[in-house]
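Comments concern the structure below.
The values are calculated or read from the model by the stated rules, or taken from the named source; none is laboratory data. Note that the structure is a prediction, hence the values are computed from the model and not measured. FYI the Cβ positions are ideal-geometry reconstructions off the backbone, even for glycines, and counts take in every protein chain you see. Note: accessible area is taken over every heavy atom of the protein model, side chains too, but ligands, DNA and RNA are not part of it. Shrake-Rupley method; radii C 1.70, N 1.55, O 1.52, S 1.80 Å.
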Amino acid sequence: MDRKANRVLEQATDVAAMEQTRRTFEAAAAKMAAKLTDGVRDRAVAHGPRPQPTAPTHTQKPDAQHAPGRTPGLA
């Protein structure tokens, strides 16, 4: 009976240790995510807004027709 009690106690300890490890990893991941977000925000503020892309220069002619089922430009 003593062995069984030790086994149950050992399993409970393992579960508690795993739960503590999970909480530790979650806290570390949240801290890293916050640091990354702060770094992205800091860089955005330091470098100003990004220029907006201009209209594409390789526009297709409105009257151009392609064969059905084929993608233009791909061989």
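The accessible area of Leu36, taken with all protein chains in place and a 1.4 Å probe, comes to roughly 120 Å².
Here the spin labels are modelled as points 7 Å beyond Cα on the Cα-Cβ line, and at Ala12 and Ala29 they lie 2.9 nm apart.
A 1.4 Å probe run over the protein chains yields, for the range 8-47, 90 Å² of accessible area per residue, whole-number rounding.
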